[in-house]
Amino acid sequence: MECPARSAGRRSKFLASALALLVLLLSASVFTRARAAELRSRRSNPGNASRPTAADSQQAQSSSSPFAGAESCKTCHEEIYEGFEKGAHWKTMSDTRGVPSHQGCEGCHGPAAEHVNNPGDLTKIFSFKTASAKEINDHCLTCHASGPQQMHAINSLHTKNDVACTACHSPHHAQQ
């Protein structure tokens, strides 16, 4: 028969380990949320200027807006747009915040008015084809870092091995 003192000691060690694990998980969650907030706040358009906020929504309605709208993108990128219409990111088109920097194509690629005016200059938008894995992941995680499936992406093996979100996922196609 086991000594009651030994059993109590094991129980105490188990509870201490469980508490330590809980503290570790909570700390990781807080860190991940803080990192996601940092990424959201520093997410910038290709010129490294900060992204527009809700205060910019009135300017976005004017002719001097840096935003072109997804319909403008459809003019040259119809096939991509049609795939986008069937994907999960399509819901950003009805973003109730009303801020163009969170809607449609420009939610990921940044303000497109300058690109629309000069389509040959790809430096005017964020291009996932030319961006590094870190830049792509930072871009994706500005919206996706708080979800339960991505909350640890910042410290994942994918990130540590320079694997971009787009290596497996396509924001333009419904099934990936």
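FYI, it's all coordinate maths here, none of it is from the lab. What you see is a predicted model; the values in this text were computed from it and never measured. We place every Cβ from the backbone using ideal geometry, glycine too, and count neighbours over all the protein chains shown.
List of remarks:
- Karplus-derived 3J(HN,Hα) values for the range 87-92, using 6.51 cos²θ - 1.76 cosθ + 1.60 with θ = phi - 60°, are x, 5, 6, 4, 4, 5 Hz; glycine and proline are entered as x.
- Between LYS13 and ASN161, the modelled labels are 3.5 nm apart [label points 7 Å from Cα along Cα→Cβ].
- For the pair GLU82 and HIS173, the difference between a 0.36 nm per residue extended length and the Cα-Cα distance amounts to 31.9 nm.
- For the set LYS13/LYS160; LYS91/LYS124; LYS74/LYS160; LYS91/LYS160, the pairs lying more than 26 angstrom apart at their alpha carbons are LYS13/LYS160; LYS74/LYS160; LYS91/LYS160.
- Shown in residue order for the range 105-120 are the 3J(HN,Hα) couplings computed by the Karplus curve 6.51 cos²θ - 1.76 cosθ + 1.60 at θ = phi - 60°: 4, 6, x, 9, 8, x, x, 10, 4, 5, 5, 4, 6, 9, x, x Hz (x for Gly and Pro).
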